[in-house]
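Chemist: Shown below is the structure under consideration.
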Amino acid sequence: LYSAFISLSKKWELKKAAYCDYIISTDLYTLNYFTKYLPSVPNEIIFNYSFFIPDKDINTVKKYDFIYTGLLSEGRGIKEIVQAAALLLSEFPEATFLLIGPFESDEFETEIKSLVQQLNIEKSILIHAPVPFTQISTFYQMSRIGLGLFHNTPKYSTFIPIKLFEYMAFGLPVLFSDFGPSAAIIKETACGLLVSVEDRLSICTAMKKLLTDKSFYDQCSKSGRKAIEDKYNWQSEKKKLLKIYKNELLSDQ
């Protein structure tokens, strides 16, 4: 039944998209999909890069060692973050983790909170409700390292989470899964470390390096920030979007 629904949804989507003047996607996978099935419809990729370019002179006290923002779900590696945190805390008991976002289900919320309790790390793992976009920058400023430990599924192997660019904009070295376009960007910009989400020990080791190797930390922080200033920012993508609108309006006249 589920596969039939997916097939029907794709057919409906392509039928409606065929009547569009322009198709805009935010990742290469989606762009290639519509290029393949609707080659006659003009298309463009507008990356969902960071809106933030914070003031470098902001010197906020760091309250959290690690931060994750977004949906708290199994596919986004929340369980692995908690388990790796427990390993890290056995050696660095003062480390702190901030997880901001809604749980994917009541069942998963119960599972994660029970796991935190079983591991006896309640004081180190802060689970925070979602916050408005206008307030998220405050939490980035108070954090040291950004997390994105996604599972290697069809969905997460092709998308680029905006949180990556937000972390980089605030100078947070990142710890991400070692696959997909996000990993390619992290390698290119040298802004953090990549690990297998299935290897808790490797995750813990990477966490320790980012916490203890100040020279490496500073290098990642500066590299990520510079990449945002030079390339991965909304200002550059906005020009592409406005050009599309302008050309389409002129073609209608």
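The values are calculated or read from the model by the stated rules, or taken from the named source; none is laboratory data. Note that this is a predicted model, so its numbers are computed, not measured. All Cβ positions, glycine included, derive from the backbone under ideal geometry; neighbour counts span all protein chains shown. Just the protein is used for accessible areas: all its heavy atoms, side chains included, with ligands, DNA and RNA removed. Shrake-Rupley method; radii C 1.70, N 1.55, O 1.52, S 1.80 Å.
Chemist: Would you mind computing, in nm to one decimal, how far apart the modelled labels at ASP21 and GLU94 are, each placed 7 Å from Cα along Cα→Cβ?
Modeler: The two pseudo-label positions are separated by 5.9 nm.
Chemist: When each pair of different Cα atoms in segment 116-253 is counted once in the 1/r mean, what is the Kirkwood radius in angstroms, to one decimal?
Modeler: Computed over segment 116-253, the radius equals 16.9 Å.
Chemist: How big is the dipole moment of the chain about its Cα centre under a simple scheme where the beta carbon of each Lys and Arg is +1, that of each Asp and Glu is -1, and everything else is neutral? Debye, nearest 20, please.
Modeler: For this selection, approximately 580 debye.
Chemist: Right, something else. Add +1 for every Lys or Arg and -1 for every Asp or Glu among the other residues with Cβ under 12 Å from the Cβ of LEU87, and state the total.
Modeler: -1
Chemist: Would you kindly give the portion of the calculated P(r) for segment 183-251 that falls above 21 Å, as a percent of all Cα pairs?
Modeler: Summing the P(r) of segment 183-251 above 21 Å gives 47 percent of all pairs.
Chemist: With r as the distance between the Cβ atoms of GLU188 and ASN120 and R0 = 45 Å, compute the FRET efficiency 1/(1 + (r/R0)^6) and round to 0.05.
Modeler: 0.70
Chemist: Please report the Cα spread of segment 1-142 along all three principal axes, rounded to whole Å, starting with the longest.
Modeler: Taking the Cα atoms of segment 1-142, the three principal extents are 58, 47, 25 Å.
Chemist: Further, regarding this structure: Taking only Cα atoms of segment 81-186, what ratio of Rg to Rh do you get with Rh as the Kirkwood inverse-distance radius?
Modeler: 0.96
Chemist: Just to confirm the number: angle between the C-alpha axis of helix 106-118 and the first principal axis of the chain, 0 to 90 degrees, nearest 10?
Modeler: That works out to roughly 20 degrees.
Chemist: Also, quick follow-up: Relative contact order for segment 182-227: what percent, with Cα pairs under 8 Å and sequence separation of 6 or more?
Modeler: Relative contact order comes out at 42 percent.
Chemist: Over what distance in Å are the Cα centres of segment 97-154 and segment 27-74 separated?
Modeler: 19 Å
Chemist: GLY70: net charge of surrounding residues, Cβ under 12 Å, Lys/Arg +1, Asp/Glu -1, itself excluded?
Modeler: It works out to a net charge of 0.
Chemist: Evaluate the distance, in nm, between pseudo-label points positioned 7 Å from the Cα of LYS246 and of ASP218 along their respective Cα→Cβ axes.
Modeler: For LYS246 paired with ASP218, the spin-label model returns 4.3 nm.
Chemist: Full extension from LYS239 to LYS10: what is 0.36 nm times the residue separation minus their Cα-Cα distance, to one decimal in nm?
Modeler: 79.4 nm
Chemist: How much net charge surrounds TYR37 when only the other residues with a Cβ under 15 Å from the Cβ of TYR37 are counted, with Lys and Arg +1 and Asp and Glu -1?
Modeler: Neighbourhood net charge equals +4.
Chemist: With the other protein chains left in place, how much accessible area per residue, in square angstrom, belongs to the chain at a 1.4 angstrom probe?
Modeler: 55 Å²
Chemist: Using r as the Cβ-Cβ distance of ASN152 and ASP55, and R0 as 41 Å, what FRET efficiency do you calculate, to the nearest 0.05?
Modeler: Rounded to the nearest 0.05, the efficiency is 0.65.
Chemist: Report, in degrees rounded to the nearest 10, the 0 to 90 angle that the Cα long axis of helix 180-189 makes with the longest principal axis of the chain.
Modeler: 70 degrees
Chemist: Convex hull over the Cα atoms of segment 100-148, averaged projected area in nm²?
Modeler: Its average projected convex-hull area is 4.2 nm².
Chemist: Would you mind checking the radius of gyration and Dmax of segment 54-124 based on alpha-carbon positions, in Å?
Modeler: Looking at segment 54-124, its Cα Rg and Dmax stand at 13.6, 43 Å.
Chemist: Here is a further query. Compute the helix-to-body angle for 200-212: its Cα long axis versus the longest principal axis of the chain, expressed 0 to 90° and rounded to tens.
Modeler: 80 degrees
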